Amino acid sequence: MKADLDRDLVSSLDEALPEESHLDSGHLHRHDAGVARQDRRLAAGENRAARVSLLVYRSISVLAALAVILILLWGVLDLPLFGRGNNPVENEVSLRYLQSGLQEGGAVNLVANMILDYRAFDTLGESNVLFAACCTVILLLRRIQDRESAVSPLGEASPSALPEDPVLALGARVLCPVILLFGIYIILNGHLGPGGGFSGGAVMGAGLILLRNALGTERIGRFFSYRTFRRAVFAALSFYALSKAWSFYTGANRLPSFIPAGTPGAILSAGLILPLNIAVGLVVCCTMYGFFALFEKGDI
Amino acid sequence: MDLLMTVLLALLLINAVLVVCVRNLLAACIIFMAQSLIMVLIWILLQAPDLAVTEAAVGTGVSSLLFFLALKKIRAIGRGKEDAAHEG
Amino acid sequence: MDLQALLDNRVEAAAIVLFGIGLTTLLLNRNLIRKIIGFSFMDSAVFLFLASEGYIEGRTAPVQNILSARPAGAFVSPIPAGLVLTGIVVSVSVTALMLALTVRLYRHYHTLNLDEILHLARREEE
């Protein structure tokens, strides 16, 4: 009985800590072992040459990395002192953003003003990078899953099949609404204080991930399916692209807004910055959740 | 602030070296998570609260989660193969 | 090298050493997961360098006061913060992409060692 318990403990420990010997030094699996042995015998002559070339490669790469560090540190010596105002970064561009950001953009948070008003085109590209990355992960992990499940019905043990830990489940259920609410607060408050679409979207994505772990895949699939994901991301990106296209149409001078600017500091102010924050937040939230779902199950 | 900054920078470098030294892959991922946490504190000291909020959610939360999930998936694939070899 | 100057600019110096450590990990470690971690360290080193350029001692984060607008001299530069903000989110998507590629490679070759993957791939070609 005790021996069994011990063995269980050891195996569970083994499960908890992926061992280097298994993953790192990359041992070949059984059906490859014979071939590998043959290979090794054949390669015995080449072995010496390979070892020498490996040594040469290692020393060259260490030298290269050291050279990079030293050259860059030499550059650091000529930088202006840290934390002083005579830094060349402090030029007329940032002065303009700081001085007239409040009048021109209307957002109290001058960083939000900069990334969603003066440089909104940049942020559009950034959101598209996120979307493209998510698409690539879908391509890489989704198709395999079909093939895998077709070949072996056992597949990989899905986490929903594991026995649920009541403490974790209850904790997640209590925490989820708070985290989601906090994410929404960060997004809606992006123009009034630190935060905005990127950070709020990431917090909301993390909340959704927690919700998925607490409720299980089926129940969250009822309100967040692949279709929801596609529609939300598409709507957010196209809204962003259209508003930016409109800004180009009117002369590419910042992001002009037909929405009355409102009083700075009120939640409904700063023109297009609030809607754009919501759009960016949606894209980031969906992407973060999508990454998790794809890695976990190979589907959203 | 100067002292705290120096300590945090030293921790940052120690962490980066530790990733290479530590044998276990899971431990490496956890060190990566700790690295993100240190970066959060550094952003706050550098007067960039936007960055701190983003790094806390993205670097510490989602990015580390993805590392853990990838490790778990890799282990599951490895174990599945071994089972198949046993049965075959 | 002038050590005092390096100590005065210690944030930048630390960022560059971190970059170097990440680069070394990327070059020397054969494990794909560790290569990805090294790459992320290089990412955060670049972000640290950029953000430290915008910092000015005694100034606060660029959030205006509604009641009494403060002069531009009271804030740190918003440009590095804005650039790094988008960079952080893109870096996580790059990490996810690399991890997905790693999972796929492992599925095919059943090893995380890059040398072995290259060896197996070469043998497959022959």
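Conditions tested, residue by residue: (1) outside the structural domain of A:ILE278 (by TED's automatic domain parsing); (2) of a type outside the set (Val, Ile, Thr); (3) at pLDDT 75 or above.
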position: A:TYR185; (1), (2), (3): no, yes, yes
position: A:ILE209; (1), (2), (3): no, no, yes
position: A:ARG212; (1), (2), (3): no, yes, yes
position: A:GLU218; (1), (2), (3): no, yes, no
position: A:LYS244; (1), (2), (3): no, yes, yes
position: A:PHE248; (1), (2), (3): no, yes, yes
position: A:ARG254; (1), (2), (3): no, yes, no
position: A:ILE259; (1), (2), (3): no, no, no
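What number of residues in the range B:15-43 are out of contact with any strand residue (DSSP E or B) (no Cβ under 8 Å at 6 or more places or on another chain) and touching a residue at least 12 places away in the same chain (Cβ under 8 Å)?
Number satisfying all stated conditions: 20.
Can you name the residue in the range A:79-95 that is among the polar types (S, T, N, Q) and farther than 10 Å from C:ILE56 by Cα and is also surrounded by the most Cβ atoms within 10 Å (Cβ to Cβ) among such residues?
Within the range A:79-95, the match that is surrounded by the most Cβ atoms within 10 Å (Cβ to Cβ) is A:SER94.
In the range A:91-106, how many are modelled with pLDDT of 75 or more and not in a helix (DSSP H, G or I)?
The total comes to 1.
Looking at (1) β-branched (Val, Ile, Thr); (2) touching an Asp or Glu at 6+ places or on another chain (Cβ under 7 Å); (3) buried (at least 23 other Cβ atoms within 10 Å of the Cβ), which one does C:VAL11 not meet, given that it meets all the others?
(2)
Of the residues that sit in the range C:22-66 and are of a type in the set (Val, Ile, Thr) and touching a residue at least 40 places away in the same chain (Cβ under 8 Å), which one is nearest to B:ALA52 (Cα to Cα)?
C:VAL46
Under 6 Å between Cβ atoms, at least 6 apart or on separate chains: pull out the pairs that start in the range A:69-85 with a residue that is among the aromatic types (Phe, Trp, Tyr) and end on any residue that is surrounded by 14 or more Cβ atoms within 10 Å (Cβ to Cβ).
Matching pairs, first to second residue: A:PHE82/C:ASN9; A:PHE82/C:VAL11.
Could you check A:GLU126 against (1) acidic (Asp, Glu); (2) surrounded by fewer than 24 Cβ atoms within 10 Å (Cβ to Cβ); (3) more than 16 Å from the chain's Cα centre (by Cα) and say which number it fails?
For A:GLU126, the exception is condition (3).
Quick one: in the range C:86-112, which of the residues that are crowded, with 24+ Cβ neighbours inside 10 Å and at pLDDT below 85 is nearest to the other protein chains (Cβ to nearest Cβ)?
Selected residue: C:THR111.
Being out of contact with any Gly (no Cβ under 7 Å at 6 or more places or on another chain) and within 14 Å of chain C (Cβ to nearest Cβ) is the filter here, so list the residues in the range A:162-193 that pass it.
Result: A:HIS191, A:GLY193.
Taking only pairs six or more apart or across chains, which ones have beta-carbon atoms under 6 Å, a first residue in the range C:1-19 that is farther than 17 Å from B:VAL19 by Cα, and a second residue that is modelled with pLDDT under 75 and in a helix (DSSP H, G or I)?
Correct list of pairs: empty, since none qualify.
If B:GLN47 meets every condition in (1) in a helix (DSSP H, G or I); (2) on the phi > 0 side of the Ramachandran plot; (3) not hydroxyl-bearing (Ser, Thr, Tyr) apart from one, which number is that one?
(1)
Return the only residue of B:ALA57, B:ALA27 being surrounded by fewer than 24 Cβ atoms within 10 Å (Cβ to Cβ), on the phi < 0 side of the Ramachandran plot, assigned to a helix (DSSP H, G or I) and small (Gly, Ala, Ser).
B:ALA27
The values are calculated or read from the model by the stated rules, or taken from the named source; none is laboratory data. On a predicted model such as this, the values are computed, not experimentally measured, just so you know. All Cβ positions, glycine included, derive from the backbone under ideal geometry; neighbour counts span all protein chains shown.
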